[in-house]
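Just below is one structure, and these are the notes that go with it.
The values are calculated or read from the model by the stated rules, or taken from the named source; none is laboratory data. The model shown is predicted, which means the values in this text are computed figures rather than measured ones. Here the Cβ positions follow ideal geometry from the backbone for every residue, glycine too, while neighbour counts run over all protein chains shown. Just the protein is used for accessible areas: all its heavy atoms, side chains included, with ligands, DNA and RNA removed. Shrake-Rupley method; radii C 1.70, N 1.55, O 1.52, S 1.80 Å.
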Amino acid sequence: MSDFFGKILAWVESTHIQEQVANVDYAGLFTNPWFLVPFIAIVLYLLYKQSFKDLIIIIIFIGVWWVSGTAYMDTLVVGNELQISKILPVLFGGAAVLGFVVYMFFGRSD
């Protein structure tokens with residue numbers, strides 16, 4: 001079983017997805033019409049259908065993507081050592097967002 005997961009992990013590493021995500025040009029992405037037109041279309045469609053849960057999930061994904069690229073996230077690991085004082089706010093923030101998503105889907109009715 002571990003050989004199976006090892007092959008999948010080797011494949012993911014061979015695609016260099018992590019490097020591609022880390023090297024995204026944010027300004028170029030949000031000014032590129034090939035990305036911007038479909039993105040605006042999906043947001044307008046979700047507004048038209050009044051699917052606010054899906055809009056909130058999209059906003060959360062964009063927020064997590066933005067936060068993961070900040071300078072604060074670069075200082076979480078210094079010299080191969082995890083900075084506990086800096087990871088705790090990230091941990092509690094993630095738990096709060098996850099709690100909000102669980103509440104949004106399971107805790108209230110439409």
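General observations
- For the range 3-16, 3J(HN,Hα) per residue [Karplus equation, 6.51 cos²θ - 1.76 cosθ + 1.60, θ = phi - 60°, Hz, x = Gly/Pro]: 5, 4, 5, x, 5, 5, 5, 5, 5, 4, 5, 6, 7, 6
- Heavy-atom accessible surface of the chain: percent carbon and sulfur, 1.4 Å: 71
- Taken one residue at a time, the phi angles of the range 21-27 give Karplus couplings (6.51, -1.76, 1.60, θ = phi - 60°) of 5, 5, 9, 6, 8, 4, 5 Hz. Gly and Pro are set to x.
- Calculated on C-alpha atoms, the gyration radius of the range 1-58 divided by its Kirkwood radius gives an Rg/Rh of 1.20.
- The sum of -39500 (n - 2.57) across all DSSP H runs of n ≥ 4, divided by the residue count of the chain, sets its helix-only mean residue ellipticity at 222 nm to -22500 deg cm²/dmol.
- Only one item in (1) 2, 8, 12, 15, 15, 18, 16, 9, 4, 0; (2) 2, 13, 22, 23, 20, 12, 5, 2, 0; (3) 2, 10, 18, 17, 16, 14, 12, 7, 3, 0 matches P(r) over Cα pairs in 5 Å bins from 0, in percent derived from the coordinates shown, and that item is (1).
- With both labels modelled 7 Å from their Cα along Cα-to-Cβ, the Q50 to L9 distance reads 4.8 nm.
- The separation of the range 59-106 from the range 1-26, counted between C-alpha centres, amounts to 21 Å.
- Relative contact order (%) - criterion: Cα under 8 Å, at least six apart; region: the chain: 15
- Total charge dipole magnitude, the chain, about the Cα centre, Cβ charges on Lys, Arg, Asp, Glu only, Debye to nearest 20: 420
- Leading residue at positive end of dipole, the chain (Cβ point charges), from L47, L91, Y26: L47
- In this rough spin-label picture, where each label sits 7 Å from Cα along the Cβ direction, the V77-L98 distance is 1.9 nm.
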